[in-house]
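Have a look at the structure below before the remarks.
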């Protein structure tokens, strides 16, 4: 089986933004309210940080539980790893996710400022100052035959799209407008020259967008 | 994690039949045309018996590829295993699926006429003359912590529903009427006293029905 490169469960606003303006420690998504983006997934039984019992087992749960299925590595941009910019002042920051990050695979963080790898629970973060193509070669090797997830943020997904390295994508488009921030697209139709696009609207107002390479 | 009992990707006609009348070797679904039931899944990239390249990666593919995910055993009725009725005349019949059946787990076949187990590829069929509850205990043990699929046919699903042994179900309801055969329900609403029901209509005319226990 060929290894695929996938974007999964990435949240986008109705006007095409993947996060708001002004990311900080207190506001990882900038001025955007993350609950409007995550509530569809947070309601499902397989949401990884679910602490209460219950949760739905309908369509949205298929999508949530597919997140880890056959994924052997993730590539993310530095802004997904943390709110810092420029050289590291120290190595105290270990990501947003505490002692047991939800990835449970090798994760490659693209950054101009490399630092030593960190292992937290079942996840190891490596820091690479390389091109998307070279990062993908490293991730494929680490994934041991499984697929590689491009975890975002927006700038990282755009770089991999520009290099034509992505096979399949799932975006959950939320019924909110952000107006400013990190923009993924003006319209998803910009991608239909290279990808099939299937839209699945949900009663919650979320519209799942599935793309796969033509 | 608790082991769950699941029905997955079971096809039903708009008037509630899971198979037609008059099952035979030539017509495993009786007078029903199976293509009307299976085409939604056959079009997907992960359909297990897909021989051509291509196939879709949209919503229906999530459902198709979930079929084997975290399943450790299946329980099926004898009519799913073969068209014979009454005592076995010999043991030549080894199921409909050739040398590599798509289950790839232990499979427990409920029958009044036991026979020796058969291993084909990664699948082993065991034949049991026991109650649903006892069959489930055997299947849970064989599944080694994973879930158990109730594979059908209709009579077997009904028996497990009557014994209140099922946690989650997915049915793909096709836009065809059969008029006669093995009937699962008059209306899916018969089950909403015990189960949440989410309906997801598709452009193909298929309506996915997801049930999970209240």
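The values are calculated or read from the model by the stated rules, or taken from the named source; none is laboratory data. Quick caveat, the model's predicted, so the values are computed rather than measured. Cβ atoms come from the backbone with ideal geometry, glycine included; neighbour counts cover every protein chain shown.
Side notes on the structure shown:
- Selection from region B:48-77 of residues that are without any contact (Cβ under 8 Å) to a residue 40 or more places away in the chain and on the phi < 0 side of the Ramachandran plot: B:50, B:51, B:52, B:53, B:56, B:57, B:58, B:61, B:62, B:65, B:68, B:69
- For region A:1-28, a residue qualifies if it is in a loop (DSSP other than H, G, I, E, B) and buried (at least 20 other Cβ atoms within 10 Å of the Cβ), and the qualifying residues are A:16, A:20, A:23.
- Residue count for region B:151-173 under the criterion of being over 15 Å from the mean Cα position of the chain (by Cα) and modelled with pLDDT under 95: the result is 0.
- Single unsatisfied condition, residue A:171 versus (1) closer than 30 Å to residue A:192 by Cβ; (2) free of Cβ contacts under 8 Å to residues at least 60 places away in the same chain: (2)
- Which listed residue, of B:77, B:42, B:55, is in contact with a helix residue (DSSP H, G or I) (Cβ under 9 Å, 6 or more places away or on another chain) and modelled with pLDDT of 95 or more: B:77
- In region A:162-190, the residues that are outside any loop (DSSP other than H, G, I, E, B), surrounded by fewer than 21 Cβ atoms within 10 Å (Cβ to Cβ) and more than 14 Å from chain B (Cβ to nearest Cβ): A:162, A:183, A:189, A:190
- Qualifying positions in region A:196-214 - more than 10 Å from every other protein chain (Cβ to nearest Cβ) and surrounded by 19 or more Cβ atoms within 10 Å (Cβ to Cβ): A:206
- Lone qualifier among A:25, A:37 - being at pLDDT below 95, away from chain B (no Cβ under 14 Å) and touching a strand residue (DSSP E or B) at 6+ places or on another chain (Cβ under 6 Å): A:37
- Taken together, A:12, A:7 contain a single residue that is within 13 Å of another protein chain (Cβ to nearest Cβ), more than 30 Å from residue B:214 (Cα to Cα) and in contact (Cβ under 8 Å) with a residue 24 or more places away in the chain, which is A:7.
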